[in-house]
Amino acid sequence: MPGKNTKFYSLVLIIIDTFVLLGAFTIAYIARVQYDPRPLLTNIHAYDYLRAFLIIIPFWIIIFALLGLYQSSTYNRRLAEWAKVAVGSFVGILLIIGWQYVSDKNILPARLVALYGLLAAFGLIVFEREVLRLVRSLMFRYNKGINRVLLIGSSEATSDIARSLSDTVKSGYKIIAIAGPNSIVPADLKIKRYSLVETALKDIKQNNITTIIQTDLYDSSGRNQKILGAAQANNISYSFIPGEAEFYSGKNTIDVFLGYPMISVYQTPLIGWGAIIKRIFDFVVSLFLLVLLSPILLVIYVIKKMADPGPAFYISKRLSRFSEHIDLIKFRSMDSKYGSCDAAEEFRQMGREDLAIEYEKHRKVQNDPRITRFGRFLRSTSLDELPQIFNVIKGDLSLVGPRPILPQEIKLAHGRTSLLHSVKSGVTGIWQVSGRSELSFDERIELELFYAQNWTFWLDIKILFKTIGVVLRKRGAK
């Protein structure tokens, strides 16, 4: 939602970055030329040096822009911003070196000037942006430079957006009013509510609204046109956010088709080369893990046979890509007489209606009486899931992906599993590193939809490393 304040802040960043880069290379020149007694490669007058950099810096700013350093999605995320500043600074130095090579003119009096410039550019840009972030937060705290929002909609997305933007100091947005049913207004937010959108539009000037966000289209096209027309008439920004998570892929394109704007939704990048790269990575890494972990697998197998009579492995029927049935292999953690039917049914057979209700609500229970003593250890350490390496080698699973769901869980997703089943399920996934058993079923589905729509190879790497940390801390394992 690039409003006026966002665009103004981006312009401020561009201007200050320009002066900071010029200052960084001035410091680099002074540090090497005036304070280092060693001889120079060539004598470059300060005037010629600065003139050359005045020509180069605009290209450096373009590099920053291409990296997204002037977009709110970057400068609102500190670590992402720092990483891109580092990349941009390095590419900028390469630009200077390439400039020297192509023009056959020396603009650096010594090699160390490039190194000093790189360090100074990165350090000063990061410092500058942290100062600006602090100033912006202080302004938001005193309601300066914020976007005053009229939120229009009746879906759960409307309520979620209201909650997410409620921390004005962080978001820069302040929800002034909501046009929609009372049920979608968060109870802890003291904001105006309009039952009719027409009434809310009449009060735009009175409420000093600067942004309209709409999450649901009305059946009447004339009513929708009134909302857009009100934004245009009052010269305020308007954004439409689809209430369904399936439209948030981040891979959408907007084109014109038969004279109409057309949004093409590319549901997942896990097709074509993405799927091939992921499969090669899965196969190689799982083979390595099998060799590395084979002693542990053998020890667990022996202990299982000694401590818990019965099969050492438990085969669970699950659904993976394209809703194909797979046999998920795990070390058995329950008594061998359990696991043949749905858990809720088994709890009722045991006379534990409380556990049956808990399972039907969360698809997990806190204290499962079916689990053996050694099985509880396996679950708490996630060692029961190690045999899934064989599923990965076979191709049934990926190392990272949506959780392979039980056939009876399809109805719980209310038809939203189509996208999840267009990609291969995984041993671990984004939900495991985001709360694991503490997450509700619907929250898990939301996270996995985000993964399927926004997959990258590096996201898989990040999730794998986070999984190691989660397992070592035993956080969320049940």
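Bear in mind that the values in this text are calculations on the coordinates, not laboratory data. Since this is a predicted model, take the numbers as computed values, not measurements. Note that we place each Cβ from the backbone using ideal geometry, even for glycine, and neighbour counts take in every protein chain shown.
The residues E446, E360, when put in order of fewest to most other Cβ atoms within 10 Å, stand as E360, E446.
In the chain, helices alone account for a calculated mean residue ellipticity at 222 nm of -16500 deg cm²/dmol, with every DSSP H run of four or more residues adding -39,500 (n - 2.57).
Find the relative contact order for the chain and round it to a whole percent, using C-alpha pairs within less than 8 Å whose residues are 6+ positions apart.
11
Between S137 and L289, the simple spin-label model (points 7 angstrom out along Cα→Cβ) gives 3.7 nm. Site pair D327 and A86 shows an inter-label distance of 4.6 nm when each label is modelled 7 Å from Cα along Cα→Cβ. With a Förster radius of 56 Å applied to the beta-carbon distance between S166 and D48, the computed FRET efficiency rounds to 0.55.
Net charge dipole, the chain: roughly 900 debye, given to the nearest 20, about the Cα centre with Cβ charges of +1 for Lys and Arg and -1 for Asp and Glu.
Counting Lys +1, Arg +1, Asp -1, Glu -1, what net charge surrounds I296 among other residues with beta carbon under 13 Å of its beta carbon?
Net charge in that neighbourhood comes out at -1.
Computed from label points 7 Å out along Cα-Cβ, the spacing between N182 and Q34 is 7.0 nm.
Ordered by the number of other Cβ atoms lying within 10 Å of each residue's own Cβ, fewest first, I15, I175 fall into the sequence I15, I175. If you take the charge dipole of the chain about its Cα centre, with +1 on Lys and Arg Cβ and -1 on Asp and Glu Cβ, which of S137, V470, F374 is farthest toward its positive end? Farthest along the dipole direction, towards plus: S137.
Among the helices of the chain, those built from whole DSSP H runs whose Cα atoms reach 27 Å or more along their own axis and whose mean Kyte-Doolittle hydropathy is at least 0.0 are 4-33, 46-66, 78-103, 111-141, 273-307.
Lys and Arg at +1, Asp and Glu at -1: add these up for the other residues within a Cβ distance under 15 Å of A83 and post the number. Net charge in that neighbourhood comes out at +3.
Once the convex hull of all Cα atoms in the range 147-243 is built, its volume per residue stands at 88 Å³. Ranking V427, V400, L115 by Cα position along the charge dipole of the chain, where only Lys, Arg, Asp and Glu carry charges on their C-beta atoms, puts L115 farthest toward the positive end. Remark on the chain: hydrodynamic radius 27.0 angstrom, per the Kirkwood mean of 1/r across alpha carbon pairs.
Charges on Cβ only, +1 for Lys and Arg, -1 for Asp and Glu, centred on the Cα centroid of the chain; of F331, I16, G172, which one is farthest towards the dipole's positive end? Among F331, I16, G172, the one farthest towards the positive end of the dipole of the chain is I16.
Residues within the reach of a label modelled at V102 (point 7 angstrom out along Cα to beta-carbon, backbone nitrogen below 17 Å), restricted to the range 26-53, are 52-53. Other residues within the sphere of radius under 11 Å centred on the Cβ of I125, judged by their own Cβ, net out at -2 (K and R +1, D and E -1).
Using alpha-carbon pairs under 8 Å, 6+ residues apart, how would you state the relative contact order of the range 147-243 in percent?
Averaging sequence separation for qualifying contacts and normalising by length gives 32 percent for the range 147-243.
Close amide H partners of Y173, meaning residues 5 or more places away or on another chain with modelled amide H under 5 Å apart, are N147. Close amide H pairs (under 5 Å, H built 1.01 Å from N) link F313 with R332, residues at least 5 positions away or on another chain. In this Cβ point-charge picture (+1 for Lys and Arg, -1 for Asp and Glu), the range 4-141 has a dipole of about 460 debye about its Cα centre. Our summary of shape: the Cα atoms of the range 4-141 have principal axis extents of 52, 30, 24 Å, ordered from largest down, in whole angstrom.
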